[in-house]
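To keep things clear, I will list the structure first and then write my remarks on it.
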Amino acid sequence: MKIPFFKPEIDSKTIAQVGQVIKNGWLTTGPKTLEFETNFAQYVNATHAIMVNSGTAALHLALEAIDIKPGDEVITTPFTFAATTEVIEYMGAKPIFVDIRKDTLNINEKLIEAQITSKTRAIIPVHFSGIPCEMKEILKIARKHKLYVIEDAAHCTPAYYNGKPVGSIGHITCFSFYANKCITTAEGGMLTTQSKKIADKVKLLRLHGMSRDAINRYKSAKWEYDISVKGFKYNPTDIAACLGIMQLKKADLFLKKRTRIASNYMNSFSKEKNITSLSIPNKCISSWYIYPIRIKHDKPGLRNQLIDYLFQQGISTSVHFKPVHLHSYYKNKYGYKALDFPVAYYEYQKIITLPVYPSLKNNEIDYISRKIKKFLAGV
Ligand SMILES: *Cc1c(COP(=O)(O)O)cnc(C)c1O
């Protein structure tokens, strides 16, 4: 059996629609982008949705929109992808890490307040694997200290917290449609907000700070425009937006399929004392972007041996994430030690990410869990 880590699900209707966009001749940001933004805003119950060409660009523009300055501090989790923290670096600001909870591997909201200083401007909670963070507590802390909350919701199309879709909760929410995310536009991202002021600023910043974008200049003979701010080249293509429109129609179905896969994994590991799954708080619905398990062991290197063994059995897995503070750039710049964030460090030693995608079959899930149990029985 050969099981890849991820398989995007793109149907023939989607391919035909994308082909149509290419034939029509308006390839870059245009009507399809507008349509996807409208549909997405409605889907996550947000007032404004602005598409950009990556999730990283969405995070960067979020920090630009709230005017983060060099020397400011932004609180986030070390248990994330590099994108979350590199955008803080772009601004010349300093990422301040807060350790994670063991049950969800999300930022531990109880440890946030102790890290707030006079320089703190924002908190970036990352909804790891698609489980929303404790947003009620995080927003309460933010209100008390007058901070912005920018959610890294790269894993969350869709996820729900207390019945509310992620995208309608914090000040700004950033989604990713990278090739292996819950829905994909090959490359792409979306920023949602309830603030018109932030939305207008992000729209301006995503295309060079130009007062009129390409489609509006094209519609009339008026060519003139002004550059009023230092902008960026983050606008999406209509090709990607068209993929997004078609993928979004299936997001609920994908969620249903991912949830079934997760519950199959959960059942098959429920009696295993040395395998722990994540636990989903009652008030949350996870997107199940990925299915991470933790292997209880005291042999260094055992997790990597398991990854190699599974690969030999035809199963591709991954690790989400190597904590940011362990990467050399951050270690060298800020002098972090592995045990500065002990939960992140220890969980990272034990974690392995199993395949989750809509077309993953029950017999494949059985095969994966059987091989994991077999390996662990033999050590
Ligand atoms: C994928 C991802 C991003 C970045 O998204 P891109 O679209 O690849 O730029 C940001 N944060 C997290 C947690 C991610 O997993």
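Every read-out reported here was derived from the displayed coordinates using simple, explicitly stated rules and does not represent laboratory data. Please read all numbers here as calculations on a predicted model, not as lab measurements. Here Cβ is always computed from backbone atoms with ideal geometry, including for glycine, and neighbour counts include all displayed protein chains.
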Inset, instruction - Using only Cα atoms, locate the centre of segment 1-75 and the centre of segment 291-356, then give the distance between them in Å, rounded to an integer. - result: 29 Å
Inset, instruction - Using only the C-alpha atoms of the chain, find the volume of their convex hull and express it per residue in Å³. - result: 139 Å³
Inset, instruction - Kindly flag which residue pairs out of K181/K230; K271/K374; K181/K337; K273/K350 have an alpha-carbon separation exceeding 20 Å in this structure. - result: K181/K230; K181/K337
Legend entry - segment 337-378: projected area of the alpha-carbon convex hull, averaged over directions, in nm²: 4.3 nm²
Inset, instruction - Starting from the Cα of S228, step 7 Å along the direction of its Cβ; do the same at K140; then give the gap between the two resulting points in nm. - result: 4.0 nm
Inset, instruction - Please identify, among H60, H325, H208, the residue showing maximal mean-square fluctuation in a Gaussian network model of the chain using a 10 angstrom Cα cutoff. - result: H208
Legend entry - Overall Cα dimensions of segment 232-316, principal axis frame, Å, largest first: 50, 32, 28
Legend entry - More than 13 Å apart - percent of Cα-Cα pairs taken over segment 28-106: 73 percent
Legend entry - Size of electric dipole in segment 181-247: Cβ of Lys, Arg +1 and of Asp, Glu -1, about Cα centre, debye, nearest 20: 200 debye
Legend entry - GNM flexibility winner over the chain from N180, N332, N162 (Cα, springs under 10 Å): N332
Legend entry - Per DSSP, loop chymotrypsin sites (Phe, Trp or Tyr not before Pro) in segment 199-243 with at most 12 further Cβ within 10 Å: W223
Inset, instruction - Answer with one residue from V18, I290, S277: the one whose Cα lies farthest towards the positive end of the charge dipole of the chain, charges on Cβ with Lys, Arg +1 and Asp, Glu -1. - result: S277
Inset, instruction - Please provide three numbers in whole Å: the alpha-carbon extents of segment 94-154 along the principal axes, with the largest listed first. - result: 31, 21, 18
Legend entry - Set of aspartates and glutamates near K283 by C-alpha distance (under 17 Å), chain-local residues within fewer than 8 positions excluded: D103, E109, E134, E137
Legend entry - Summed residue charge, Cβ within 11 Å of I198's Cβ, Lys/Arg positive, Asp/Glu negative: +1
Inset, instruction - For helix 196-205, report the angle its Cα long axis makes with the longest principal axis of the Cα atoms of the chain; keep it between 0 and 90° and round to the nearest 10°. - result: 90 degrees
Legend entry - Cα-derived Rg to Rh of segment 287-353, Kirkwood definition: 1.02
Legend entry - Which of S318, Q349, I307, positive extreme of dipole for segment 295-357 (C-beta unit charges): Q349
Inset, instruction - Compare T276, T117, T237 in a GNM of the chain, Cα atoms joined below 10 Å, and give the one with the largest fluctuation. - result: T117
Legend entry - Lys pairs, segment 1-122 - Cα-Cα below 28 angstrom, 8 or more residues apart or on other chains: 14
Legend entry - Two-site label geometry, K373 and N304: point separation in nm, points 7 Å out along Cα→Cβ: 2.9 nm
Inset, instruction - List the aspartates and glutamates whose Cα lies under 14 Å from the Cα of K250, skipping any in the same chain that are fewer than 8 positions away. - result: E9, D11
Inset, instruction - For n ≥ 4 DSSP H runs only, could you compute -39500 (n - 2.57) per run for the chain, divide by its residues and tell me the 222 nm figure to the nearest 500? - result: -11500 deg cm²/dmol
Inset, instruction - Work out, step by step, the length gained on full extension between E89 and I215: first 0.36 nm times the residue separation, then minus their alpha carbon distance; give nm to one decimal. - result: 42.1 nm
